[in-house]
Amino acid sequence: HDCALGKWIDAHKETYYAQTPQWQVLLAEHEQVHKGVQALIDADSANASNDHIYALSNGIEKATLGVFQGLDHIKLINCSHTKEK
């Protein structure tokens, strides 16, 4: 969790929205981004085929989209919780 999002996640892991299923999805997508980037680096250094690099890049793109969707869900949870007060 050295990236900015990882630090934000660590700083907010005790909040009410961090206890939701949506938070778990966000964590999983965040992890997939990092694993995907590492896999891409490893594949590139091993001179993997362009098809393999392309497939890994697509996985990173999908996980990144999942992170943004996860953040949107957390934002909605937070906003609805704020309105209730």
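The values are calculated or read from the model by the stated rules, or taken from the named source; none is laboratory data. Keep in mind the model is a prediction, meaning the values are calculated, not measured. Note: ideal-geometry Cβ built from the backbone for every residue, glycine included; neighbour counts use all protein chains shown. These area figures cover heavy atoms from the full protein model, side chains too; ligands, DNA and RNA do not enter into them. Shrake-Rupley method; radii C 1.70, N 1.55, O 1.52, S 1.80 Å.
Do the conditions hold for Asp51, that is, is it in a loop (DSSP other than H, G, I, E, B) and open to solvent by 90 Å² or more (accessible area, probe 1.4 Å)? Lay out the reasoning, then the answer.
Details: in a loop (DSSP other than H, G, I, E, B): no; open to solvent by 90 Å² or more (accessible area, probe 1.4 Å): yes.
So Asp51 does not fit the description; no.
Checking the structure you have, find out if any residue of the range 24-44 is in contact (Cβ under 8 Å) with a residue 24 or more places away in the chain and not in a helix (DSSP H, G or I).
For the range 24-44, residues in contact (Cβ under 8 Å) with a residue 24 or more places away in the chain and not in a helix (DSSP H, G or I): absent.
Give me the residue from the range 66-85 that is more than 17 Å from Gln24 (Cβ to Cβ) and without any contact (Cβ under 8 Å) to a residue 40 or more places away in the chain and, out of that set, surrounded by the fewest Cβ atoms within 10 Å (Cβ to Cβ).
Looking only at the range 66-85, we keep the residues that are more than 17 Å from Gln24 (Cβ to Cβ), and these are 79-85.
Adding the requirement that they be without any contact (Cβ under 8 Å) to a residue 40 or more places away in the chain leaves 79-80, 82-85.
On the way: Cys79: 10, Ser80: 10, Thr82: 8, Lys83: 7, Glu84: 6, Lys85: 4.
My answer is Lys85.
Go through (1) modelled with pLDDT under 95; (2) crowded, with 16+ Cβ neighbours inside 10 Å and name the single condition Asp2 misses.
(2)
Just name the residue that is nearest to Leu76 (Cα to Cα) out of those in the range 9-26 that are open to solvent by 50 Å² or more (accessible area, probe 1.4 Å) and of a type in the set (A, V, I, L, M, F, W, C).
Filtering first and then ranking leaves Val25.
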